[in-house]
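This report concerns only the one structure given below.
Please treat every number below as a calculation from the coordinates, not as lab data. Predicted, not measured: the structure shown is a model, and the values here were computed from it. A quick note on method: Cβ atoms are made from the backbone with ideal geometry, for glycine too, and the neighbour counts reach across all protein chains shown.
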Amino acid sequence: MDTEYRDLVEGQQDLIVRFNLEGRLLFVNEAYCSTLGMPKESLINSIFMPVTEERYSDAIATRMTSLFRPPYACIVEQWLQTQKGMRCISWSARSVLGADGTVESIVATGRDVTPMKNEMKTLRKRDAELMLVLESGERMYYTHAPDHLVAFVSPRIRDLLGCRPGEGKRTWTDYLTDHPGNSSGLERTIRALASGRREPPYRLEMATRDGRKIWVEVNEVPVLRNGKAVAIAGFLTDITDRMAVEEGTAEAELFFRGEAKARKPAPARPAAPRGLIRSIFARGEDEEQDEGVV
C-alpha cells in the first residue's frame, strides 16, 4: 500500500510537500524537485516557501495562521525562482492533526498558475487603457441594477459627488435633492426598466457630500437579457455651469422684456366724435364769416 501511495504521489504533476511547524520540509515529490531543479536530498529539511521580497513573506505568514484554527486550511500564492524563471505557485495547505487535536505537520499541494496570472495582468492593462479612453471625455459612465443599486461608477463621478475612498455601494437616488424636476427623471428610468426601451435624456439636481448642488444631464439605455431589462447603463455630463448660464439668460430676458414694456409709449387715442363734430361746425362758421366780408 505504501508503494502504491508513493507512486500515486510521485506521479502527480502538481507539487506536493509536507513540512513541520518550523517550516522545514519533511517530504517533497518529484514534481517539486523538477520545478526547482534541485535534488530531493537538498530540499529535505530546508525551509519551505523562501521568498525574495518581505511583503510576500508577511502576506503568506498572515494567511497561514489559519492553519492553526478550524478549518485548519488555507490557500496562498508564492512566487518561486524555478528553472523556467519566476513562477507563481498557488498552494492549498491543510494541517495534519495529532491524537490530541494539535497540529503536527502541514501538507500542501501546489499548482503553477503563472499563465493565468499573466492573462489577468494583460486584462487589467487592457481595462486600464479602456478606462483611460472612457475617462478622457466629458462623459462619466455608470451602471445600476433595477433596484437602483450602483454596480459600476466612473471614478470621476465619485470625485464629483465627493465619495470617500472605499465607500460601499449605494443607490444613485441617495444623491438626489428634493428638486421637483428630479421626479420626472426617476420616472423615465423606471419606464425604461419596465419597457426595455430607451428614454430621452433628462436632467437631475444632485447633492455632493459637502452639500453643494450640481446639475447633470443623464443619457441611459436599459441592458436587456432574454428580452428583460436587467440593468441600466448610461453616462452623466456635468451641466452645472451650463444651467447657471441658462438661468442667467432667462432672468435677463425677463428683465429686458419688462423694461421694454415699461418704456413703450401709449398709442394715440382717437378724437371723440363730439369733438370732431365741434371742429367741423367751427370750421363752417369761420368760412361763412369769411364769405360775408367785402
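For region 37-157, taking the reciprocal of the average inverse distance between every pair of different Cα atoms yields a Kirkwood hydrodynamic radius of 18.4 Å. Multiplying the residue separation of residue 237 and residue 126 by 0.36 nm and subtracting their alpha-carbon distance yields 37.5 nm. The largest-to-smallest principal axis extents of the Cα set in region 137-243 are 41, 30, 27 Å.
Calculated FRET efficiency, residue 34 to residue 221, Cβ-Cβ distance, R0 = 45 Å: about 0.25 to the nearest 0.05. Measuring against 26 Å, Cα to Cα, the residue pairs 84/117; 117/228; 125/213 contain 117/228; 125/213 as the ones spanning a longer distance. Can you work out the FRET efficiency for the pair residue 26 and residue 58, with r the C-beta to C-beta distance and R0 = 25 Å, to the nearest 0.05? About 0.55, to the nearest 0.05. The separation of region 58-109 from region 236-252, counted between C-alpha centres, amounts to 61 Å. Going from the fewest other Cβ atoms within 10 Å to the most, the residues 106, 190, 157 appear in the order 190, 157, 106. Each Lys or Arg adds one and each Asp or Glu subtracts one; over the other residues with Cβ under 11 Å from the Cβ of residue 90, this totals 0.
Computed extension gain for residue 256 through residue 99, at 0.36 nm per residue and net of the alpha carbon distance, reaches 47.0 nm. The fewest-to-most ranking of 43, 97, 132 by surrounding Cβ atoms within 10 Å reads 132, 97, 43. Between residue 171 and 150, the built amide H atoms are under 5 Å apart, and every one of these is 5 or more places off in sequence or on another chain. Each of 255, 235 was scored by other Cβ atoms within 10 Å of its Cβ. Arranged with the fewest first, they read 255, 235. Using R₀ = 45 Å, calculate the FRET efficiency as 1/(1 + (r/R₀)^6) where r is the Cβ-Cβ separation of residue 13 and residue 138; round to 0.05. Efficiency, from the Cβ-Cβ distance: 0.30.
When the alpha-carbon atoms of region 132-173 are used, the pair Rg, Dmax equals 10.6, 29 angstrom. When the charge dipole of region 137-243 is built from unit charges on Cβ atoms (+1 for Lys and Arg, -1 for Asp and Glu) and taken about the Cα centre, the candidate among 237, 201, 223 whose Cα reaches farthest toward its positive end is 223.
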